[in-house]
Amino acid sequence: MGSTSHIIERINRIFPSLHPAEKQVAAFVRDRIDLVASLTVGQLAERCEVSQPTVIRLTRKLGFNGYREFRYAIAHPQQDADVPDDAAFNPLEGFNLHPWDNPDDVPHKTVAAATTILREMLSTLDGKAFRRAITQIARARVIDIYAVEDSLAPATDLNTKLSYLGLQSRLHLDPYLQQISAAHLTPADLAIAISYSGSSSDTVKALRLAKNQGAATLGITNSAGTPIANWSDVTLLAGRDSHTIYGNAIFSRISHAALVDMLYMGVILTDYTRYAAVLDASGRAIADRAYAA
């Protein structure tokens, strides 16, 4: 909802389709909207001589999640009346967070969002594509990794894990260097692109350059049919779709980090004896890095 005028406009739009009791509430809100901001759901129901569920049903028909959100909209109207109706209450679109929430609820909301994303990723993951991906990694002479912004977190993790396995993996933080690196790959190499949206221009360009060099390509993204997927020999989807950028997209590293761990363990299983020995050697090389009191 944008401003109180938008709320009144929406009431007028749906008014003919409302049940009689809902019309009583809608008429009261329309005529005395400034007063409604100070009323609880029980008080509004009493004023309108209806039940509380009737009030809540009306607020949901108006597009709100409940009475609290509806009341907040009236008390905090948008300054800009041109803001679209669906833009005012989701500064973190796709993540269930609102201005009236209690901070004590944040841990639960965050874990719930992460759990949903991981379950979605697991249900979406193509087992055949996953097996092809670990084979690509295990066989590659050089592995280039491309990512920008939030996707650099799982990209860095992947680069670290592959390096621990003794693989020739590299990740440049500068997108231009990623593209230069891609231009020097060969058919014996692998390019891995990580992009939540699948449309990050620098990442797409690097992957396209690698593909043109004949290198194998692996894309990690959230949507089929995106540029990343189109330039990938193998695509691993971390979800069913791309969520809005200011909401669940900031949690993309959760599913992408899980995919990185899956790839890491999958590669180890392609030659367990070899990689167990390599990991032992990697561990010995940094044994002196542990803090000693």
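The values are calculated or read from the model by the stated rules, or taken from the named source; none is laboratory data. For clarity, every value in this text was computed on a predicted model and none was experimentally measured. Here the Cβ is made from the backbone with ideal geometry for all residues, glycine too, and neighbour counts use every protein chain on show. The area values use the complete protein model at the heavy-atom level, side chains included, leaving out ligands, DNA and RNA. Shrake-Rupley method; radii C 1.70, N 1.55, O 1.52, S 1.80 Å.
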Against the definition (at pLDDT 90 or above, open to solvent by 30 Å² or more (accessible area, probe 1.4 Å) and part of a helix (DSSP H, G or I)), how does Asp288 come out, yes or no? no
Mind listing just one residue for me: the one in the range 115-131 that is modelled with pLDDT under 85 and over 25 Å from Leu162 (Cα atoms) and, of those, least open to solvent (accessible area, probe 1.4 Å)? Glu120
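On the given criteria, is Leu218 in a helix (DSSP H, G or I), modelled with pLDDT of 95 or more, within 21 Å of Asp144 (Cβ to Cβ) and not charged (D, E, K, R)?
no
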Residues of the range 197-222 being open to solvent by 10 Å² or more (accessible area, probe 1.4 Å), out of contact with any Lys or Arg (no Cβ under 9 Å at 6 or more places or on another chain) and closer than 18 Å to Ala129 by Cβ, in sequence order, are Lys211
Considering (1) surrounded by fewer than 19 Cβ atoms within 10 Å (Cβ to Cβ); (2) touching a Pro at 6+ places or on another chain (Cβ under 9 Å); (3) modelled with pLDDT of 75 or more, say which one Ile7 fails and leave the rest. (1)
What tally of residues in the range 260-274 results from selecting those that are among the aromatic types (Phe, Trp, Tyr) and surrounded by 14 or more Cβ atoms within 10 Å (Cβ to Cβ)? 1
Out of Val111, Val55, Val50, report the one residue that is modelled with pLDDT of 80 or more, over 16 Å from Thr4 (Cβ atoms) and in a loop (DSSP other than H, G, I, E, B). Val50
If you go through the range 228-240 one residue at a time, do you hit one that is among the β-branched types (Val, Ile, Thr), part of a helix (DSSP H, G or I) and modelled with pLDDT of 90 or more? yes
Of the residues Ile134, Ile194, which single one is under 19 Å from Tyr275 (Cβ atoms), open to solvent by less than 30 Å² (accessible area, probe 1.4 Å), touching a residue at least 24 places away in the same chain (Cβ under 8 Å) and in contact with a helix residue (DSSP H, G or I) (Cβ under 7 Å, 6 or more places away or on another chain)? Ile134
Looking at this structure, is Ala147 under 22 Å from the mean Cα position of the chain (by Cα) and under 17 Å from Leu259 (Cβ atoms)? yes
Tell me which helices (runs of 4 or more DSSP H) are completely within the range 119-198 and hold 2 or more residues being of a type in the set (Asp, Glu), or say none if there are none. none
